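Here, each number is a calculation from the coordinates, and none is a lab measurement. Just so it is clear, the structure is predicted and the values come from calculations on it, not from any experiment. All Cβ positions, even for glycine, are placed from backbone atoms using ideal geometry, and neighbour counts span all protein chains on display.
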Amino acid sequence: MNVEKYQIDEHNSLNERQHKKRYDFLSEMLQQEGIDVEAIIKKLMDFQIAIPSWALGTGGTRFGRFSGTGEPRSLEEKIEDIGLLHALNRSSGAISLHIPWDIPENADAIKSLAGSYDIVFDAVNSNTFQDQKNQNYSYKFGSLSHTQKEVRQQAIHHNIEVIKYGEVLGSKALTVWLADGSCFPAQQNFRKALQRTLESLQEIYAHLPTDWKMFIEYKPYEPNFYSTVIQDWGTSFLLANKLGSQAFTLVDLGHHLPNTNIEQIVATLMMEGKLGGFHFNDSKYGDDDLTVGSIKPYQLFLIFNELVEGIEDKNTKNPVPAWMIDASHNVKDPLEDLLQSVEAIKIAYTQALIIHREMLWEAQRQNDVVKAQEIVQNAFRTDVRPLLAEARRRSGAAINPLGLFRKLEVRKKLVEERGELAIATGL
């Protein structure tokens, strides 16, 4: 199904009066404080967050998956679902593919379909953490770090193949996440495993187009629980430095040990020009892949505080990071979950944009701890949602995307089109 322009217009006309009251009140208050509201609206209208193809179906756990209904059965239907999201919020104009879960069999037709929804292709993701049908060698004991050269070459070839798929679609980045590691002491030689991984990545890097980036993801545990080869941001950073100027660290918010200061990691990587991008999600205990901002909204805001400062600092040579969602759960409608995640990301971004930077820097220079805290917490406690709604309204999107999604009974219509037993490919 499609969300038509007249449906959005009708929705906005019903909500515009109340929205205008809220927006005018907030806009006047911020302008009195010296905030350039129009500049923020423009940034929000430009801000795009890539939707992962694998998050459009119901997620699950190692204990089971409770599939939803009317899920997308093909890459084409996944693009159609992202088209729905983008029509509603005008902030979901990119898709991130996971290969081989979503192989574009007819690249021209896939590009044309995505273009019809004003969607581009973000980073492509390789998969060497699962064995695929008709695969010659197993990744049970590793892929790019495996002790056997034949297994490493298979994994290298897969990554090169993923790059080729990305090239024809117009993607400009490859994301590499490895499950490689060990479950027991002495199972693996740490130094040799890391060296083999570096050599494998170097071979993949040699096939990277000159205008591409390689994002190296890290994770401290799972599915291996004693060690993972790329266990933290420092190891990813080390590998990226050894590979070259096109290699960067990718930060997944769920890939950290409890209470890790992720915002400090972000600041350090930006100082070194090696922050490539984000996989946004939220967690209570580990890599829970919960809706962005549902558990730790203040942490998300503090991360964006560092991001905004780094992006706006002319002395920072870090490219603008790639924004991607990596959230998937088994009790929510995936499309509603993604609408909430995009909203949470943009709220944190906007809250960071309204921080009085000069006042904050002065408080930091004077070691005025109380004032510095007040400045950032005042921004965090400001309800900036009217700014997001105004940016959507000007972009031709819905003032209340989730409200319109439910009013139009989108999931019910998808079930009518696809059936109750339609299950998403991939996860």
Per-residue Cβ neighbour rank within 10 angstrom, fewest leading, Arg411, Arg22: Arg22, Arg411
Rough spin-label spacing in nm, given labels placed 7 Å along Cα→Cβ, for Phe225 and Lys242: 2.9
Segment Glu105-Lys5, length gained on full extension (0.36 nm per residue, minus Cα span): 32.9 nm
Estimated [θ] at 222 nm from DSSP helical runs (n ≥ 4, -39500 (n - 2.57)) normalised by residues in the chain, nearest 500: -15500 deg cm²/dmol
Extension gain (nm, one decimal) between Lys149 and Thr268, 0.36 nm per residue minus Cα-Cα: 39.3 nm
Rg ratio (alpha-carbon, reference 2.2 N^0.38 Å) - the stretch 4-63: 1.74
Antiparallel bridge percentage (DSSP; both residues within the chain; nearest 5): 15
Least to most buried among Thr268, Thr197, Thr61 (fewest other Cβ within 10 Å first): Thr61, Thr268, Thr197
Normalised contact order of the chain, rounded percent, pairs of Cα under 8 Å and 6 or more residues apart: 23
Protection-proxy order for peptides 115-122, 183-190, 375-382, 342-349, each taking the mean of Cβ atoms within 10 Å per residue, highest first: 342-349, 115-122, 375-382, 183-190
Surrounding net charge for Glu312, when Lys and Arg each add one and Asp and Glu each subtract one, Cβ distance under 15 Å: -1
DSSP beta bridges in the stretch 177-289 [antiparallel fraction, %, rounded to 5]: 20
Neighbour-limited loop hits for trypsin sites (Lys or Arg not before Pro), the stretch 208-310 (at most 14 other Cβ within 10 Å; DSSP other than H, G, I, E, B): Lys284
Neighbour cut-off at most 12 other Cβ (10 Å), DSSP loop, chymotrypsin sites (Phe, Trp or Tyr not before Pro), the stretch 197-282: Phe225
Value of Rg/Rh across the chain [Cα atoms, Kirkwood radius]: 0.97
Cα→Cβ-extended label distance, 7 Å offset, between Ala186 and Glu374, nm: 6.1
Within straight-line cross-link reach of Lys133, lysines at Cα separation under 25 Å, skipping those fewer than 8 residues along the same chain: Lys78, Lys149, Lys164
Residue among Ser182, Ser245, Ser236 with the largest mean-square fluctuation in a Gaussian network model of the chain, springs linking Cα atoms under 10 Å: Ser245
Residue of Leu14, Leu26, Leu239 that the Gaussian network model of the chain assigns the largest fluctuation, springs spanning Cα pairs under 10 Å: Leu14
Greater than 28 Å apart at Cα, pairs in Lys140/Lys296; Lys213/Lys412; Lys274/Lys296; Lys5/Lys213: Lys140/Lys296; Lys213/Lys412; Lys5/Lys213
Contour excess over end-to-end distance, with Cα ends at Asp46 and Thr316 and 0.36 nm allotted per residue: 95.1 nm
Positive minus negative residues near Asp368 (Lys, Arg vs Asp, Glu; Cβ under 10 Å): 0
Label-point separation, Glu203 to Ser112 (7 Å along Cα→Cβ), nm: 3.8
Fewest-first sequence of Val37, Val266 by Cβ atoms within 10 Å of each Cβ: Val37, Val266
Burial ranking of peptide ranges 78-87, 139-148 (average Cβ count within 10 Å, highest at the top): 78-87, 139-148
Cβ-derived FRET efficiency at R0 30 Å, Arg65 paired with Lys21, nearest 0.05: 0.10
